[in-house]
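Take a look at the structure set out below.
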Amino acid sequence: MTRKGFWCGLSFMAGLFLSACFSISLWWVFALSAACLCAVGALALRNIRTYFIVCGCAFVIGAVYSAAYSHFVYDDILSYDGKTVTIEGTVEKYDYIGHAQGYLTVKGDLGGHTTTISFFIDDDDYEYYDNVRVTGKVVRIMDNYNFQSEKYYFSQGVFLKGDGTASVTHLGTNSGGFFKAIREYSDRIFATVTQNSGYDEGGFLGAMLCGDKSEMDPAQKSMLYRSGIGHIFAVSGTHLVILASVISFLLERLLRRKRICAVVMIPVCWAFVIFAGMSTSVVRSAIMMTIVFTAQAVRRRGDCANSLGIAGIILCIANPYIVFSQGFQLSFASAFAAGAVAPFVYSRLNIRRVPRILVKGFVYSCVDSVFI
C-alpha cells in the first residue's frame with residue numbers, strides 16, 4: 001500500500017465529518033456499521049484488502065474521536081453557558097476599543113479543558129502571553145444578523161464568549177521569548193502600514209500582510225464575506241510557499257548544502273505562521289513543509305499527498321471540528337490538487353507544439369479549479 005499517510009488522513013477526517021450526521025447516542029451504531037462494511041470489503045476484495053483495513057480503522061477511529069470530543073469536551077464547556085467563571089491562562093490578544101475599555105482574549109483552563117474566551121474589560125496595559133486570571137459571565141456564541149458567529153468560531157474550537165465587563169487580575173509578565181518577539185514585530189509592521197495608508201487601504205494591506213483584520217471597516221468586511229470573496233485579504237499557505245521558496249533558493253546559493261538549508265527552513269516557516277496569526281491554511285502548509293524539509297534533512301523523498309494526510313491528522317487531533325471549516329476544506333483540496341493530482345495529469349500529457357510552461361500552468365489551474 002502506497003501513500004499510507006494520505007489514505008489514513010483522508011479516512012480519519014471523513015470519520016470526523018460524517019459522524020456529525022448522527023446524534024451522540026447513535027455514534028456507536030455508525031462506527032460499528034462502517035467497521036462491518038470495511039470488514040466485508042476486505043474479505044470480498046482481497047487484492048485491495050490492505051486499503052480496506054487501513055482506511056476502515058482510520059475512519060472508525062475518527063468517528064469515535066469525534067463522539068468522544070463532543071461528549072467530554074464540547075458539552076462540558078457549553079455547560080458553563082450563562083454562568084460566572086474564573087479562567088486562568090495567558091493573553092492571546094488585547095485590543096483597545098475605546099471609552100476606557102478593551103477586548104481581552106485569554107487561553108486557559110476551564111473545567112479541566114483548555115479553551116479560548118474573549119472578554120470586555122477595563123483598559124489596562126496587557127502584552128502577549130502575560131499571565132492573567134479573569135472572572136466574568138460567559139455565554140454561548142450564537143449567530144446574529146450581521147455574521148454567522150457560531151459557525152465561524154465552532155470550527156476554531158471557540159464556543160463561549162464573555163458577557164458584560166469582566167474583572168482581571170494580572171498575575172505577572174511572561175517574557176514569551178521567540179513567540180512574543182514575532183507577534184510584537186507583526187504588530188509593529190501592522191501599525192506602520194495602517195498609519196501610513198488611508199483607512200480603507202491600510203485595513204486591507206494590514207489584513208493581507210499580517211492576517212489582522214481589526215482595522216477593516218466592519219460593514220465592508222461583512223459585505224466581502226457575504227459576497228464570498230472574503231478570502232482575498234486572508235494570509236494563506238500560498239504566501240508561506242512563496243516565502244519559503246525564495247528564502248530556500250537564497251540559502252542554497254549561500255550555504256550550498258541542502259540538508260543544512262532544510263534544517264534552517266523549519267523555524268523560518270513556523271516564524272511566519274506566528275507572524276501571520278496562525279490561520280488554518282498557513283498552519284497546514286507549515287506542517288506539510290516541515291515534513292518535506294525533514295525528509296530532505298534525512299535524505300528521504302518527500303511526498304505531497306502523504307504530507308497532506310499527516311498534516312490533516314495533526315490538525316484534527318488538536319481540534320476535530322476544524323473539518324467543518326470551509327477554509328480548511330478548500331485549503332486541503334487545493335493542496336491535494338496542486339501537489340498530487342496536477343503533476344500526475346501533466347506527466348501523462350504529450351504536447352510538443354505548445355510551450356511546456358504554458359501547458360503546465362493551464363493544467364494546474366484547471367485541476368485546482370475542479371477540486372475547489
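Since every read-out is calculated from the coordinates, none of them should be taken as a lab result. What you are looking at is a predicted structure, and each value in this text was computed from that prediction instead of being measured. Neighbour counts are summed over all protein chains in view; Cβ atoms, including those assigned to glycine, are modelled from backbone coordinates with ideal geometry.
If you take Cα extents along the principal axes in Å from the coordinates, which of [x] 67, 50, 38; [y] 60, 53, 50; [z] 66, 56, 41 do you get?
From the options [x] 67, 50, 38; [y] 60, 53, 50; [z] 66, 56, 41, the structure gives [z].
I need to check one value: relative contact order of the stretch 84-174, counting alpha carbon pairs closer than 8 Å and at least 6 residues apart, in percent.
Reported relative contact order: 32 percent.
Once Lys and Arg get +1 and Asp and Glu get -1 on their Cβ, which of Leu43, Phe59, Leu18 lies farthest toward the positive end of the dipole of the stretch 1-97?
Leu43
Work out, step by step, the length gained on full extension between Leu26 and Leu171: first 0.36 nm times the residue separation, then minus their alpha carbon distance; give nm to one decimal.
Computed gain between Leu26 and Leu171 is 47.7 nm.
Of the candidates Gly312, Gly82, Gly237, which one comes out as most mobile in a Gaussian network treatment of the chain with C-alpha springs shorter than 10 Å?
Gly82
Cα centroids of the stretch 25-60 and the stretch 79-154: how far apart, whole angstrom?
Each part's Cα centre sits 42 Å from the other's.
Over the stretch 320-372, what relative contact order in percent results from Cα pairs under 8 Å that are six or more residues apart? Don't jump to the answer; show the numbers that get you there.
On the way: 25 pairs, mean separation 26.9, N = 53.
Reported as a whole number, the value is 51 percent.
I'd like the Karplus ³J(HN,Hα) series for the stretch 118-126: coefficients 6.51, -1.76, 1.60, θ = phi - 60°, whole numbers in Hz, and an x wherever there's a Gly or Pro.
10, 10, 7, 9, 5, 4, 7, 8, 10
Only helices at least 20 Å long along their axis, Cα-based, and averaging 1.6 or more on Kyte-Doolittle count here, so list those DSSP H runs from the chain.
Helices meeting the criterion: 27-44, 237-255, 258-275, 304-318.
Grab the DSSP H runs of the chain that are 4 residues or longer, score each as -39,500 (n - 2.57), total them, divide by all residues and round the 222 nm result to the nearest 500 deg cm²/dmol.
Value at 222 nm, helices only: -18000 deg cm²/dmol.
Using a cut-off of 15 Å between beta-carbons, work out the net charge of the residues near Lys360 (Lys and Arg +1, Asp and Glu -1, Lys360 not included).
+3
I need the phi-derived Karplus couplings for the stretch 153-168: 6.51 cos²θ - 1.76 cosθ + 1.60, θ = phi - 60°, integer Hz, Gly and Pro marked x.
Once θ is set to phi - 60°, the couplings for the stretch 153-168 become 7, 4, 5, 8, x, 10, 10, 10, 9, x, 10, x, 8, 9, 9, 10 Hz.
Where in the stretch 86-153 are there chymotrypsin sites (Phe, Trp or Tyr not before Pro) that are in a DSSP coil and have at most 11 other Cβ atoms within 10 angstrom of their Cβ?
Within the stretch 86-153, the qualifying chymotrypsin sites (Phe, Trp or Tyr not before Pro) (loop, at most 11 other Cβ atoms within 10 Å) are Tyr145.
Equivalent ellipsoid semi-axes for the stretch 87-201, as square roots of 5 times the alpha carbon gyration tensor eigenvalues: give them largest first, rounded to whole Å. Provide the component values of the computation, followed by the final result.
Values: eigenvalues 108, 82, 43 Å².
One finds semi-axes of 23, 20, 15 Å for the stretch 87-201.
Give the relative contact order (percent, whole number) for the chain; include only Cα pairs under 8 Å separated by 6+ residues. Write down the numbers at each step before the final one.
Values: 563 pairs, mean separation 53.6, N = 372.
That works out to 14 percent.
What fraction of the Cα pairs in the stretch 16-64, stated in percent, has a spacing above 16 angstrom?
Result: 36 percent of Cα pairs exceed 16 Å.
What are the radius of gyration and Dmax of the stretch 237-371, computed over its Cα atoms and given in Å?
Expressed in Å, the Cα Rg and Dmax of the stretch 237-371 come to 16.0, 49.
Between Arg46, Arg284, Arg133, where does the largest GNM mean-square fluctuation fall for the chain, given springs only between Cα atoms within less than 10 Å?
Arg46
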